[in-house]
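Note sheet for the following structure.
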Amino acid sequence: MVMSAKTPDDKVQAAYPYKRVMLKLSGEVLMGGKEFGLDSDTMKRVAEDIKEVVDLGLEVCVVVGGGNIFRGVSVASQGMDRTAADYMGMLGVVMNALALQNVLENMGVDTRVQSAIRMDSICEPYIRRRAVRHMEKGRVVIFAAGTGNPYFTTDTGAALRASEMDCDVILKGTKVDGVYSDDPKKNPDAERYDRVTYMDVLTKDLKVMDATAISLARDNNIPIVVFSILEKGGFGQVVQNKGNYTIVTN
């Protein structure tokens, strides 16, 4: 692989355990305290965290969900055709990707949005080699529209793109600081794990990511780090193996 001038040098490689990272964000995280839509303060803070990691010299790609705008599964359960509902959800993901791109660009971070569904007037189509080249040049690549297929979640989309991009890790930014045995908001006695295996997640149904995403990460030996994106600077901490998080590995 041809390395660009902005590729992390040996000092960066020695300082941080990862070179190329996938950040997975849920759409709900971007709502902040709202019931739906986007919260500008939350968007700005998340973008600042991404910029911090880019400034460290790491290569970053992002997959964001669309549940803050449209949730295909829940609508399908009310009688809408599942395929149509999922495609509508993909459009919500594209909207979030464009919004995040705008905030990052306003901070001076070079960004590209690539969509699994072609919409050339607003973003690039997904092309693997082009995405890799963007990251080698220091640009943040935001992957939109999931896999481009119904019945697959953005978690699976993140695991797929992380595999294709040869990412060192999938960092899942959530509302909690790791993986728990139960919902810590509902059960104060829930146990927090520092490290779990992919099989633990599947057999114990720990709700880290959907089963397809977990299996894909396991098959490609990509660790998953679960951390709180609500904590300012949390993204920058976990790429340096600092702060609170849970790591999912073999």
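Across the stretch 107-148, the qualifying residues are those that are among the hydroxyl-bearing types (S, T, Y) and either touching a residue at least 12 places away in the same chain (Cβ under 8 Å) or within 26 Å of G32 (Cα to Cα) (or both), and the one among them that is most open to solvent (accessible area, probe 1.4 Å) is Y126. Taking the conditions (1) under 16 Å from the mean Cα position of the chain (by Cα); (2) among the basic types (K, R); (3) surrounded by fewer than 21 Cβ atoms within 10 Å (Cβ to Cβ) in turn, R192 satisfies each one other than (1).
The sole residue among L104, L98 that is closer than 23 Å to R45 by Cβ and either in contact with an Asp or Glu (Cβ under 7 Å, 6 or more places away or on another chain) or surrounded by fewer than 20 Cβ atoms within 10 Å (Cβ to Cβ) (or both) is L98. Taking first residues from the stretch 210-235 that are outside any helix (DSSP H, G or I) and partners that are open to solvent by 70 Å² or more (accessible area, probe 1.4 Å), the Cβ contacts under 6 Å between residues at least 6 apart in sequence or on separate chains come to L230/K175.
Per-residue answers, yes or no, for (1) touching a Gly at 6+ places or on another chain (Cβ under 6 Å); (2) among the hydroxyl-bearing types (S, T, Y):
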| site | (1), (2) |
| --- | --- |
| L91 | no, no |
| A116 | yes, no |
| S121 | no, yes |
| E124 | no, no |
| V132 | no, no |
| T154 | yes, yes |
| E191 | no, no |
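May I ask you to list the residues in the stretch 38-70 that are among the hydroxyl-bearing types (S, T, Y) and over 12 Å from K232 (Cα atoms)? Across the stretch 38-70, the qualifying residue is only S40. Quick one: G37 ticks every box in (1) part of a helix (DSSP H, G or I); (2) under 21 Å from E231 (Cα atoms) except a single one, so which number is it? Of everything listed in (1) part of a helix (DSSP H, G or I); (2) under 21 Å from E231 (Cα atoms), G37 misses just condition (1).
The values are calculated or read from the model by the stated rules, or taken from the named source; none is laboratory data. It should be emphasised that the depicted structure is a prediction, and the values quoted were computed from it without experimental measurement. Using ideal geometry, Cβ is built from the backbone for each residue, glycine included, and neighbour counts are taken over all protein chains shown. Ligands, DNA and RNA are stripped out before the accessible areas are found, and what is left, the full protein with its side chains, is counted by its heavy atoms. Shrake-Rupley method; radii C 1.70, N 1.55, O 1.52, S 1.80 Å.
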